[in-house]
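Peer 1: Okay, handing you the structure first.
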Amino acid sequence: MKLYSILIMTLVIFIGGCATPNTGYYWENYSGTLYNYKKNPNENTKQKHIKELEKIIQKAASKGSRVPPGIHAELGYMLAKQGNKSTAIEQFQKETITYPESKNFIERIYMMLGLRE
Amino acid sequence: MKNLTMILIGGLFLAGCGSIPTQTKLEAYPAMYDDRQPLSVLVIPAINKTTAADATDYFNVTITEPLSNLGYYTMPVEIVKDIFLKEGIVDSQMIKGIPTSVFRKNFGADAVLFVTINAWDKNYIVISGNVTVSMEYVMLSTDSNEILWQYSATQVIDTTADSSGFIIADLIATALTTATTDYVPIAKQVNYQAFAGLPHGQYSSLHRTDMEQAILVSLKEAATDEN
């Protein structure tokens, strides 16, 4: 039985390079709500996607894992577009704290949105 | 139990592939194992060469998840798209001529990833439905402009509805399924599969441990090697 499990484990490792997340990220239904918002951009689909992004952040906090790349940035971007500038900036700052390599990208978003820290 | 069966089938499938040439990841992508390996990747919104306009969004919304899970910092494609629009870039095809160093300077990206959809054909024939997907991915260094990683594949994905045992009902169900199939998970699956051969990035626990992992060399590339 032990040998059997080892065999399966080996196969899983071999095949599963694609499926096993080795970063510990939780994405919830990120692509689903984003797609719906893109397909039918309205207040309802927008709020659902914002909720989903917040859920991803909460999930990471409860699991003690890192928030996936771009989630704080995307939430900040959506909040900024609906006028919540201060909460948007908070999110952008969280993105650069979690991922220092995002600094230039976030700077670029500030330029586009006309935001300054 | 179902998972176990699937694993066993996977094993059989792989065992059957013995004759297909393989390479280690290190052999295939040496630049990904030294300081040329990118930390941040700018995914350029997908270039869609098909007549299926809807295919673009399926790939754009499902690409950051698998790429991030491999351990790379990935910028949200929708924001990138808006920045490009503001700069007058409406079609990613226009970006192909721009020196990649521009993206290092303006976005802090170590690499750019071009994604091209070459085929997205939905079919349903009698009681089966499927979609033929042909994709091409090229990751370029914004430092040296060299190709760091690339992958292309064509596959047929089954979208047939579960059989009810009644042929007429099945016919209708398949036609309906193909028309209303949720293609988001299908595109996600295709993207995940593409990155299966990508060396793990710095945020992955498998970073620098997957060099010896075997990957399939595409038949086209293998044929070129022989020439």
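Peer 1: What's the ranking of A:67-73, A:83-89 by average number of surrounding C-beta atoms within 10 Å, highest first?
Peer 2: In descending order of packing, they fall as A:67-73, A:83-89.
Peer 1: For segment B:33-80 and segment A:44-117, compute the distance between their C-alpha centroids and round to whole Å.
Peer 2: Taking the Cα centre of segment A:44-117 as reference, the centre of segment B:33-80 is 18 Å away.
Peer 1: Then there's this: Is segment B:38-112 rounded, prolate or oblate when judged by the Cα gyration tensor, a ≥ b ≥ c being the square roots of its eigenvalues, rounded requiring a/c under 1.5 and prolate requiring a/b larger than b/c?
Peer 2: It comes out oblate by the Cα gyration axes.
Peer 1: Taking a spot 7 Å from the Cα of B:T154 along the direction of its beta carbon, which residues of segment B:194-208 have an amide N less than 19 Å from it?
Peer 2: Residues B:194 fall inside that zone.
Peer 1: Evaluate peptide A:61-68: per residue, the Cβ atoms of other protein chains within 10 Å of its Cβ; return the mean as an integer. Let's see the in-between values first.
Peer 2: Numbers: counts 0, 0, 0, 0, 0, 1, 0, 7.
For this peptide, the per-residue mean of nearby foreign Cβ atoms is 1.
Peer 1: May I pose another question? How do B:59-66, B:106-113 rank on mean C-beta neighbours within 10 Å, highest first? List each step's numbers first, then the result.
Peer 2: Working: B:59-66: 25.0, B:106-113: 22.9.
Those peptides, ordered most packed to least, come out B:59-66, B:106-113.
Peer 1: Between their Cα atoms, which of A:K55/B:K81; A:K46/B:K25; A:K81/B:K96; A:K48/B:K105 are more than 32 Å away from each other?
Peer 2: Check vs 32 Å cut-off fails for A:K46/B:K25; A:K48/B:K105.
Peer 1: Using 0.36 nm times the number of residues separating A:I97 and A:K59, minus their current alpha carbon distance, what extension gain do you get?
Peer 2: Net length gain for the segment: 11.9 nm.
Peer 1: Right, another one. Once both labels are modelled 7 Å past Cα along the beta-carbon direction, what's the B:L85-A:E107 spacing in nm?
Peer 2: Distance between the two pseudo-spin positions: 2.5 nm.
Peer 1: Where the only charges are on Cβ atoms (+1 Lys, Arg; -1 Asp, Glu), what is the dipole of segment B:27-217 about its Cα centre, to the nearest 20 debye?
Peer 2: It works out to roughly 360 debye.
Peer 1: While we're looking at this one, here's another question. What FRET efficiency comes out for the pair B:E27/B:T132, r = Cβ-Cβ distance, R0 = 35 Å, nearest 0.05?
Peer 2: Computed FRET efficiency for B:E27 and B:T132 comes out at 0.70.
Peer 1: Which order do the peptides B:22-33, B:181-192 come out in when sorted by mean C-beta neighbours inside 10 angstrom, highest first?
Peer 2: Details: B:22-33: 16.9, B:181-192: 19.7.
Peptide ranking by packing, descending: B:181-192, B:22-33.
Throughout, read-outs are computed from the coordinates displayed, never taken from laboratory work. This one's a predicted model, so the numbers in the text were calculated from it and none came from an experiment. Here the Cβ is made from the backbone with ideal geometry for all residues, glycine too, and neighbour counts use every protein chain on show.
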